[in-house]
Each structure stands twice: as C-alpha cells, then as structure tokens.
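First comes the structure, then the notes that go with it.
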Amino acid sequence: MKLPPSTLLATLIAIASVAGAVLYTQKAAKLTSSSPELIQKIAALQKQIDILKGENETLTKLQVNGAEITLPIVHYKFVEKNLGLTFPKHVKARRVDNELLAESVRYRYTQQFGMNGMEMRKYAFENLGIMPPNQHLLNQLAIAETAGAVAIYDSSANEILLSPEFDDENLLHTTSIIKHLSIALLELNFPLSDDQKTNLTDDGYYAREAFIKGRASSIAQRYRNITAFKGGHTKQFKPNEEAKETFNSLPILIRGLATFPAIHGKTYIEDIMLNNSSVFPELYQHMPRSTATIFAKKMPLTDPTTDPQKLRKPLAENQNLSTQLGQIFTILYLRQLGPLNDKNGTNGTKSNTTELHKKLTSDHLTITQRQKEYTTTWETNWETEADAQAFYKLATELSTIPERKPSVNRLGNQVIIAFIDIHNS
C-alpha cells in the first residue's frame, strides 16, 4: 500500500530517530569494544540515517509545494451551470513546481499510447519528414502545453495542478482554473472505456482533445467576459514574452497540435451551436472521433461502425506501430512549406491546396519490421485523383528537405510516403 507523503514522512522520521538511538548506543559500546563487526554496523547505520535524512528533505519539499489549495465553490458552480453537468466527485487543486506540470502532460500521452508508442511516433514522424529530425516528441508536447501555463488538469490524480506563479487575483489565472475545471468535468462525466482507449487512433485522440478543450475554452471565455465586465479583478495581464518565445521555437507540428483545441475545437463547437437547434447532451455523448469532423464543422456520426477513422488497426506480428493521423497531421505536415499560394494562379489568388487536407478521406501509418529492416509507411487516400496529385507534388517537395529522404509514390487516389531503415547493429 502506498503511504501518503504526510504519513510516510512521519514514518521516516520515526525510523530515523530509532536508528539514531541505536547508533548512539553502539557508539557508546565502542568504548569497550572496537570489533570490526561493530564498526561495520555503525557505518551501515550511518548510511541508512543519511538516506533517511535525504528522503525527509524531499518529502518536506513535496508537502510544501504540493499543499492543497481550496478553490472558491463559485468556480465549481459556474462550470456546472454552464456545462449543464455536475461533478461526480471533488476535483482538488494543489500548487506544484513547473516540472511536475510538464510531467503530468507527458504521463497523459504515455498513458494513452505507451512510452514505446511515443518513441515509435517520434521515429516515424522524423523519417517521413512530418517533423524535423533530432526532436524529443514527448518533451516538446509537454513544453508546448505548459509554456506560460498556470494550471493543468491531471486526470490520473483528478487534480488541478497550479504553477508557482498562480495568482488568484489575476483574471487570466482564474480563467485558466475555469477552463481546467471544465476539462475535468467533461472527462469525469464522459470517460473513455478501456476498449475505447485501446482503439483510439492519433486522429481520434486529437479530435477528442479538440472537443473537450475547445468546449472548456468557450466556458472560460464566458467567465472572463462576465468577470471583466463586473470589474472583479484589479491586476492587469502582462504578456509572458519568455513563454511566447519558447513556444514559437517549437516545430510546426508541435505548435499546431497544441493550439488545435483552442482554435479549431472552440470554433467548431460555437459554429455547431449556431447552426443546430439542439446540440447538447447529444454532442457530449457522441464526441467527434476524427479531426475531419472538426474541420468540416459537422455533427459527429452517431454510428461508430460507419466512421472509417474510428479504430486503430491492431498491430500485426511484424508491426511496431499502426494508427491513423487524419487531417490535422496532414495540414501541419504541409504547413512546413509555408503559405501554400497558387504559383500558377493570377492576381495572387490562393489555390485549393490551402484546403487540401479536407480532401483526405483516410490514412494509415505503420512501422513494419522484417529482420533488420524497418519500413515506415504513411498511406493517404484522397477524394479524387486530382487531390492525390496535388498532395503528391507537395509531399515530393517536402521529401527533398530531410538528409535521409523518404520516397513518395502515387497510384490513383492513393499517395504513399515511405522510408526504409536498415539497422546493421
């Protein structure tokens, strides 16, 4: 059984006290006996005491940094009222250091895809040119989500983690609390089953993230507008230039994935609400399973068997990765080329390539191993051959950038980007 820090700290202090008493007794006995066995015992006890002291110091810091903070009950009530839901259990809040904020983000990804799964994605994205080489995918995702953040919802512990900079008199900080309480309320009321987690593709994961965080962002904006109108906060917002600079230094893929919920997820929900007389609770119960649904701004399919992006295909015996990336990865992959202007057009008009990702109908990313040969393949399928040809041309241009270049081939409506890696070790 895992002891809480307070209990464990008290236990360690007690053990240290006993060990100290034993050490004192044996040191006294040394006056009458200086046997090698006694000397070894004293040395061992001293080592144990030093370890206990170190653990005591660490736990003391945890108790100080991790102290629970009582959030105003009106925050919980505001979120419940605006989402039309109730908290099935209490969500705590505690102040932690920034590293623990980042660790909670990393844990969420590894909990969904596994540590090996994240490493395989890093390997695939770099080989196919989806992101630059020599990048640490997991760490950069954590940096993107925590740069300048004052709160993160840790679903594994059902806690709102607050950064050392959190200030409850700062309107933007309390707005962040509302956002993450909204995320918590949605995840607690509509959790994924174990089977759903197993079958969730990358495309499905980011569609769900976009919906939940997008809805939470809408609630937070409403809170900010109401509170600002009332004049309840006196402190003015000062832009965090260092956090902005850190975020802007990250690869396009990382930045795009991090901002997808607040930009596209939020506008998706707001547009759906404007164009449909009845949205909730149906939209909660049938959240989007594909980023294509988010981009198209359509109500999700209610029948999962008709959704081609729903399931992550099971790994074959010789596969290390099998998933779907969807339209979100496609657009971020293409954005590495910069603004996609129509080079053959007139009057500076943009070509349809700016909306090309919306023509993707399905895709499949795999890493297959045959002895020492690893083949990374991204199969993409398009509405028409013209769409496939347009993507083929752009992917061919992108494939010339990496030092180790992937191949790009088209057959009808399908474009395949592949990379073969032979390990000689």
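What follows draws every value from the coordinates through simple rules; no lab data is involved. Computed from a predicted structure; not experimentally measured. All Cβ positions, glycine included, derive from the backbone under ideal geometry; neighbour counts span all protein chains shown.
List the aspartates and glutamates whose Cα sits under 14 Å from the Cα of Lys372, skipping any in the same chain fewer than 8 residues away.
Qualifying aspartates and glutamates at Cα under 14 Å: Asp421.
Lys and Arg at +1, Asp and Glu at -1: add these up for the other residues within a Cβ distance under 11 Å of Phe260 and post the number.
After counting each charged neighbour, the total is +2.
Just to be sure I understand the model, the point goes 7 Å from the Cα along the line to the Cβ. What's the resulting Thr110 to Asn248 distance in nm?
For the pair Thr110/Asn248, the computed spacing is 3.2 nm.
If R0 is 30 Å, what FRET efficiency do you get for Ala228 and Asn276 from their C-beta distance, rounded to 0.05?
The formula returns an efficiency of 0.55 here.
Just to verify a number: FRET efficiency for Glu169 and His90, C-beta to C-beta distance, R0 = 35 Å, to 0.05?
After rounding, the FRET efficiency stands at 0.90.
Which FRET efficiency value, to the nearest 0.05, do you get for Thr70 and Lys297 by plugging their Cβ-Cβ distance into 1/(1 + (r/R0)^6) with R0 = 41 Å?
Details: r = 40 Å, r/R0 = 0.97.
In this case the efficiency is close to 0.55.
Of the listed peptides 197-204, 102-109, what is their order by residue-averaged count of other C-beta atoms within 10 Å, with the highest listed first?
The packing order, highest mean first, is 197-204, 102-109.
Within the range 219-283, list the trypsin sites (Lys or Arg not before Pro) lying in a DSSP loop whose Cβ has at most 12 other Cβ atoms in a 10 Å radius.
Nothing satisfies the criteria.
Rounded if a/c is under 1.5, else prolate if a/b beats b/c, else oblate: with a ≥ b ≥ c from the C-alpha gyration tensor eigenvalues square-rooted, which is the range 154-272?
Prolate shape, in that a/c is at least 1.5 and a/b is the bigger ratio.
At 0.36 nm per residue, minus the direct Cα-Cα distance, what do Leu337 and Gln285 gain on full extension? Give it in nm, one decimal, please. It would help to have the intermediate numbers written out before the result.
Details: separation 52, 0.36 × 52 = 18.72 nm, distance 3.79 nm.
In short, 14.9 nm is gained.
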